[in-house]
Structures are given as C-alpha cells and as structure tokens.
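Following: one structure in structure tokens, then a few remarks.
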Amino acid sequence: MVRKLIMPGSTIGLLGGGQLGRMVALEAKKMGYKVICLDPTQDSPCGQVADEQIVASFDNLEAAQKLGERSDVIIYEFESIDLEIVKQLEKKYYLPQKSSILAISQNRVEEKEQLKKAGFPVAPFRGITNPRQLEQAITDLGYPCILKSSRGGYDGKGQMVITNDCQLDTAREMVRKGKEEWVLEKKIFFSHEISVIAARKETGEMAVYPAAENIHRENILHVTVVPARVASRFELEASEITAEIARAFKVVGLLAVEFFITPKGLVVNEIAPRPHNSGHYTWEACFTSQFEQLIRAVCGLQLGSTKLVTPVVMVNVFGESLARVVKQVPYFPENVKFHFYGKRGSHAGKRKMGHLIIRTSDAEQAMSWAKGFI
C-alpha cells in the first residue's frame, strides 16, 4: 500500500545545494514540482535552478525547520548532511530516506560492520581509535593496508596506504593526533571497479540500473563506462547484491553500491544512499535518469524504466581542466553532451565542475578523444 503520494505541483525540499541537488532539481522542475534547497553557499549550484534557496549552515535547526514547513517532502542529496538535523526533521516532516541508512553510510566502521553482519562481502577491516589498536590491526591484517578516517573524506581524502613499518610510523602519528575514529582495511587487489544503483519505494518496489565500470585517477572517479566491460556474471551478481542491501537496510530513494572485482569474486567497497557520480550517465543513456527516479521513489510514483538506450562514456570535468574543456565546446562532435554545475569560486585542482556524456560503443576511442583536453 502506498503510504504517501506527492503529486506534481507539490514542493520538494532539498538538504544540500551541490551538483547532485542541482540535477535533482532540474528533473523535479521538468516534472512539475517546486523546489526549495538549503545550503550555506549563496547562489549554490542547486539554488541557481531551484525556486528558492535558504542560505544557512547544515546544522542550523531553525533553517532546516523552515525548509520542512514549506516542503511536502524532504530529500538529502549527499550523506555529509548533519545527522541530528535529519533526525529532528523526520520526527515532524516527511523525510522518506530516513536517518537510519544515513547514520550507517556516514561512518565507515559502522558501514562495514553492518554489511558484514548482514552477510555481504567486504574487505577484512578493523576499527581504530588509538595507535595500539592500529599496531594490532596491522599484525592481524598484514601489509598492505589502507587507513581511512571513519567520517568525512571522499575522493581519496583522509586516506593513507600502509605498506611497511616506516609508513606505519606516519600512520601511527595520524591516529595519535586525530580525534576521530579510523578504519583499517586490507588492501584489495582487483581487476575492475563497478557500481550499481538501485531505487526503492516504501512499498518495496525496486528498480536497478545497469552496472557501470568506473576508472579512477588519483583516487577520484574520472571515467564511467556503460555497459561495464566485465563478465556478465559479475554484473548480475552485483545487481542482486545491491538489491539485497537496499532491502536489508530498508532504503527509500536511491542506493549506490561500489564493488571491486577480485580473483575470489565481488567485494563491496562503499555504499551511498543518494544519487551517485557514477550514475550521471543515466541522464542521457537511460529511459529514466537516477535523478528522476529518486523523485519518483520518494514521492510514491511508479518507478521508471532503467533500460539502457545507448552505450555511453561519462567523463568528469575537474577545475584544473575546465577552461580547456570550455574552449573545446564549439567543436564537440554530435554524440557529446556537456553539463556544467555552475560552481563559484576557485576552479583549480580536483573539484568536480561538470561532466561530459559521450554516446558511443567504442569506449577506448571516446576516452582517447577526451584525453586531449581533460
């Protein structure tokens, strides 16, 4: 039974005003919804296309309640949103994604413990709070390992690979100085990384997208190729595991699951209860984009088809290459589309400023073309 139906003309409140919120808002507006977002950055990427932006920090309860009062449904667009704010909002307002999956995904130790407890394959790991625990964990797991902060950190930030005793000394100092909890993972050697996105409604109805092959550069997602160039058995198994995780954690909205393909099979790397960078391809290559699907899921609408209508390559555009990409826009071939996020401020470094979508069955050729200026 449908618990709540949010019809076009209603207002969607977005906790977060980044590029993910922007793309959700664009789809929401196309579907006839009004959009209000909350973000501390004036003229945020989402705020530029929304009906209104509330400019306030993510831990501002008064501002969050203002968002709740003016919204028929509330969505968080990234998992670094303040957990306590989400808990307060869901007591009074309709926030179908809920705080439970958010709490799990915000803490790498909790995430891995819950996945392991539910029977899903994860890399060997240990929770770390002090140097002595780190030393014991290294003894248990052996080199090489990866030390990660349990909270925050993304695109390779807050991480360190440990391969010898000298690096262990540096890691020990990181743990000693840091106030947060850490997770030490056994480094997994893998042939490919793939990700799968599933949408789920409160009723349990689910739709799963094709597996995407992800290629990283300096620990940041650089290219996504769909269909993934992996054995079909891995695609099928990854889709099944993603659906099982979504059911086990009672996800409402979207869940993205990253996998490593190892000689022993699939290993779950991370989960994210939101639209995912590796799912940007769905905007151009699937009948229903991940952003529209999120709206459908939280508003109680029928989920759309996830059918892939064209092979595709997605290439992230970072600040360091934005100027070169913009100069090439007039010369893009007809099978290329570009999306820029409207971010303000510095354009230097690895900040994601947009992405390109290349419709092609020749992934290598597409990546070679993009390599010329990205």
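The values are calculated or read from the model by the stated rules, or taken from the named source; none is laboratory data. Everything numeric here is computed off the predicted structure, so don't read it as measured data. For neighbour counting, all protein chains shown are included, and Cβ atoms are generated from backbone atoms with ideal geometry for every residue, glycine included.
Some notes on this structure:
- Members of the range 49-59 that are surrounded by fewer than 19 Cβ atoms within 10 Å (Cβ to Cβ) and out of contact with any helix residue (DSSP H, G or I) (no Cβ under 7 Å at 6 or more places or on another chain): 51, 52, 55, 57
- Extreme residue, farthest from residue 215 (Cα to Cα), among residues of the range 150-175 that are surrounded by fewer than 19 Cβ atoms within 10 Å (Cβ to Cβ) and of a type in the set (Gly, Ala, Ser): 152
- The residues of the range 111-127 that are without any contact (Cβ under 8 Å) to a residue 40 or more places away in the chain and either among the hydrophobic types (A, V, I, L, M, F, W, C) or part of a helix (DSSP H, G or I) (or both), listed by number, are 113, 116, 117.
- Unmet requirement for residue 288, which otherwise passes all of (1) touching a strand residue (DSSP E or B) at 6+ places or on another chain (Cβ under 7 Å); (2) of a type in the set (Ser, Thr, Tyr); (3) in a loop (DSSP other than H, G, I, E, B): (1)
- Within the option set 194, 162, being modelled with pLDDT of 95 or more and over 20 Å from residue 364 (Cβ atoms) holds for one residue only, 162.
- Yes/no for residue 178 being surrounded by fewer than 23 Cβ atoms within 10 Å (Cβ to Cβ) and at pLDDT 95 or above: no
- The residues of the range 314-332 that are over 30 Å from residue 40 (Cα atoms) and touching a Phe, Trp or Tyr at 6+ places or on another chain (Cβ under 8 Å), listed by number, are 327, 328, 329, 332.
- Of residues in the range 60-96 being part of a loop (DSSP other than H, G, I, E, B) and within 21 Å of the chain's Cα centre (by Cα), the one surrounded by the fewest Cβ atoms within 10 Å (Cβ to Cβ): 80
- Of the criteria (1) over 13 Å from the mean Cα position of the chain (by Cα); (2) part of a helix (DSSP H, G or I), which one residue 302 fails: (2)
- Answer from 327, 350 - the residue that is touching a residue at least 24 places away in the same chain (Cβ under 8 Å), basic (Lys, Arg), loosely packed, with under 12 Cβ neighbours inside 10 Å and more than 16 Å from residue 214 (Cα to Cα): 327
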